[in-house]
Amino acid sequence: MATLDKDSELRIGVFVCDCGLNIAGAVDCGAVCEYAETLDDVVCVVRNKYTCADPGQNEIKHAVREHRLNRVVVASCTPRQHEPTFRQCVLEAGLNPYLMEMANLREHCSWVHPGDWDGATAKAKDLVASAVGRARFLEEQVEMAVPVTRRALVIGGGVAGIEAALELAEQGHQVTLVEKQASIGGIMAQLDKTYPTMDCSI
Ligand code: SF4
């Protein structure tokens, strides 16, 4: 993996995903690409039908090498879905995986603005410009493993505390639940019946 000189010129590639019609059905992706080309430090803009698919990822890898990109912006869906995919993709292209930024054009734009072609397109441009802005400040990161103590202290034995303790225990942590009252259950334990079943609360 190539290391980045701190003073090296920014060379940002922007990859705009149609997601079939998920994004391209509500956003003018061509106009977003044209706009991205006007942004400072952007040296390459590519539009993909499905960026996460192999052909889309191969285009990213090819562009990183051909244009000597040192930052990548993927304008597609939520990072929750594909951030690991694109981090791995840029790593395979020879870049530090943390030099990749995402703009969420699907969950944050096309899916929430159906039927507003102009408004959604304008917002998509803003999201891309913001991601490019963040990308300028990205720095290489090195992953490390840190030992953690797999024990947890939960303070408060109300419903939230009980649920948190159970979830942590299910994940394999040793849990200590602390409650100042004589019994757990909190406010819930004081209720006679609960809606909608009208069952006893505990
Ligand atoms: S990268 Fe995300 S937005 Fe693009 S095709 Fe894949 S799932 Fe759809």
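The values are calculated or read from the model by the stated rules, or taken from the named source; none is laboratory data. Please read all numbers here as calculations on a predicted model, not as lab measurements. When we count neighbours, we look across all protein chains shown, and the Cβ atoms used for this are built from the backbone with ideal geometry, even at glycine.
Inspect segment 112-119 for any residue being in the same structural domain as D28 (by TED's automatic domain parsing), under 20 Å from the mean Cα position of the chain (by Cα) and on the phi < 0 side of the Ramachandran plot and give the result as yes or no. Steps first, answer last, please.
Residues of segment 112-119 in the same structural domain as D28 (by TED's automatic domain parsing): 112-119.
The next check asks that each one be under 20 Å from the mean Cα position of the chain (by Cα); those that pass are 112-113.
Now restrict to residues that are on the phi < 0 side of the Ramachandran plot: 112-113.
The answer is yes, given that some residue of segment 112-119 is in the same structural domain as D28 (by TED's automatic domain parsing), under 20 Å from the mean Cα position of the chain (by Cα) and on the phi < 0 side of the Ramachandran plot.
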Are there helices (runs of 4 or more DSSP H) fully within segment 11-122 with at least 3 residues that are away from the ligand (no atom under 11 Å from the Cβ)? List them. 29-37, 54-66, 79-92
Any residue at all in segment 24-35 that's under 14 Å from V72 (Cα atoms) and touching a helix residue (DSSP H, G or I) at 6+ places or on another chain (Cβ under 6 Å)? no
Out of R47, R80, R68, report the one residue that is within 17 Å of N96 (Cα to Cα) and charged (D, E, K, R). R68
